[in-house]
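Data block below; observations after.
The values are calculated or read from the model by the stated rules, or taken from the named source; none is laboratory data. Source: prediction; values computed, not measured. FYI the Cβ positions are ideal-geometry reconstructions off the backbone, even for glycines, and counts take in every protein chain you see. Protein only, heavy atoms only, side chains kept; ligands, DNA and RNA dropped before computing areas. Shrake-Rupley method; radii C 1.70, N 1.55, O 1.52, S 1.80 Å.
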Amino acid sequence: MENFLHPDKGFKINKEGLQKASVIFIFVLVIIVMVAFAEEVTNPILLGFAAIVGGYMALNIGANDVANNMGPAVGSKALTMTGAIIIAAICEILGALIAGGEVVSTVGSGIVSVDAIGDQKQFVTLMLAALISGAIWLNIATVIGAPVSTTHAIVGGILGSGIAAGGFGVANWSKLGGIVGSWVISPVMGGIIAAVLLFFIKHTITYKKNKKMSAEHIVPYLIAFMTWAFSLYLINKGLRHIITLDSKIAFGLSVVIAVVVLFIVKPIIRKTLEKMENKKEEINKLFTLPLIFAVALLSFAHGANDVANAVGPLAAINNSLKIAFEFGNMSVPFWVMLIGGLGISIGLALFGPRLIRTVGSEITELDQMRAYCIAMSAALTVLIASELGMPVSSTHIAIGAIFGIGFLREHLKRQYKEMEFKILESRKGEDSEKVKEFLDKFRNASVRRKRAILNSIDRKESKKKIKNIDIPELKKKEQKRLKEAYQEELVKRSAINKIIAAWVITVPASAIFSAICYFVLVAIGM
């Protein structure tokens, strides 16, 4: 996954790289021991190899996919890198072990028609090829710093090897159509919801003159809203594999939890605000604890759902190699789930920081309020999409939410600069100190007051003054260059291009890799 050689010291072994290699070696030994004590199968060596590949896939999921849950919290400094990794690793394992079995069964048997394959050995080979290809593609994406959907990677792998094994008729094309649709639905919904939430927070708290008073009234309800969303998210996406509740009961239960939290946090917020200054930076601190819980809950749900991408094919292979093999009757052993949970956590700890930094700070600057909006967007988008029956990708939602936050900031900043430019133009020729004083008053005014100031400016007189001023020809071009530079500072366009390109090619790349792997495995007699 990473170069174990120090880039500045030739072939001298990097101590950190050696430590990572040692951890991976121990993980492989643990996998071998698990397989050795598993139930009897027809080909234990093949199962052992498949289990190691499944572990490799889990490592890559931890390195790439988990960053989407943690990146905003780390980037906003609500959590340290180490703290976020510890919380996420524990919750990923718990989610996988407690609530992951049903999704694993779906990935292992629902993407290609098992009955259409018919041959047990052929089915094992195609699942093994899917695991190898999905892991390789995720490894490549992690190296280039592109957060991609692990679900898309494994689904593409299964489709590719399935088509190679049995032709186009074995593929579930409705599944592929849903994935293509999610390329657009997920980031757009995530971006819109995150931007709307941030816009609401700005206009109800940070744009107010008395930010502390506004925060005292608004923040408890924002935390309660987050509690409701994550409670419902956890019930629907994490715990439904343990206990299935009616949708109305689940909704009512999440509302009750949110109301209880509201009454608990109100006095806490009031007391905390008494020690704070009337500044946005201070109000930001109120969102730190909710973000910590968001990382934990999103990681639990991720472990419950996305562990399937690592060990779904492994569970299918294990089922196929049983002596009493039956198509369509797949069980998921505990050791298979444990490989997935451990692999994701180890991959996150060893190789996750690179993608965490990309998601948390390299796309756009985040603070706790913005990170709150991204976490809320992830939960709300999944809930809305589930109700509407739309397939969405948690990776695409999170990245779309970050872009949505960045583009909203660009829009508001540009709008604000245009307001200031309008004031400066309307007061041309006046004493510079008075203009500066007026501009400072405008900057410190509330949104309503700013609107009143702008409405009071005589536009006709302003235009007349501007006409009498000799404006250099290059002024518009210079303004355009400055605007483009400002946009680049808030949202990195290079990051957009790289991430979208990685998203688009994930399914076809995994499918092609998988088909090649399948033919290679067949050629060597596996």
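When you scan region 370-389, do you find a residue that is modelled with pLDDT under 85, open to solvent by 30 Å² or more (accessible area, probe 1.4 Å), of a type in the set (V, I, T) and in a helix (DSSP H, G or I), even just one? Yes, there is a match, as at least one residue in region 370-389 is modelled with pLDDT under 85, open to solvent by 30 Å² or more (accessible area, probe 1.4 Å), of a type in the set (V, I, T) and in a helix (DSSP H, G or I). When I201 is tested against (1) open to solvent by less than 40 Å² (accessible area, probe 1.4 Å); (2) closer than 30 Å to N278 by Cβ; (3) modelled with pLDDT under 90, exactly one condition is not met: (3). Within region 58-78, being open to solvent by less than 20 Å² (accessible area, probe 1.4 Å) and either assigned to a loop (DSSP other than H, G, I, E, B) or polar (S, T, N, Q) (or both) holds for N60, N64, D65, V66, N68, S76, A78.
Reported count of residues in region 223-253, each being modelled with pLDDT of 85 or more and among the β-branched types (V, I, T), is 3.
Of the set (1) at pLDDT below 80; (2) out of contact with any Asp or Glu (no Cβ under 8 Å at 6 or more places or on another chain), all apply to T151 but (2).
Every condition in (1) part of a helix (DSSP H, G or I); (2) open to solvent by 30 Å² or more (accessible area, probe 1.4 Å) is met by G191 except one, and the failing one is (2).
Give me the helices (runs of 4 or more DSSP H) completely within region 218-320, filtered to those with at least 1 residues that are open to solvent by 10 Å² or more (accessible area, probe 1.4 Å), under 30 Å from V35 (Cβ atoms) and in contact with a Ser or Thr (Cβ under 8 Å, 6 or more places away or on another chain), ordered by residue number. Please lay out each step first, then the result.
Details: elements: 247-274, 280-284, 288-320.
The helices (runs of 4 or more DSSP H) meeting that bar are 288-320.
Across region 332-344, the qualifying residues are those that are open to solvent by less than 10 Å² (accessible area, probe 1.4 Å) and not hydrophobic (A, V, I, L, M, F, W, C), and the one among them that is nearest to V143 (Cα to Cα) is G343.
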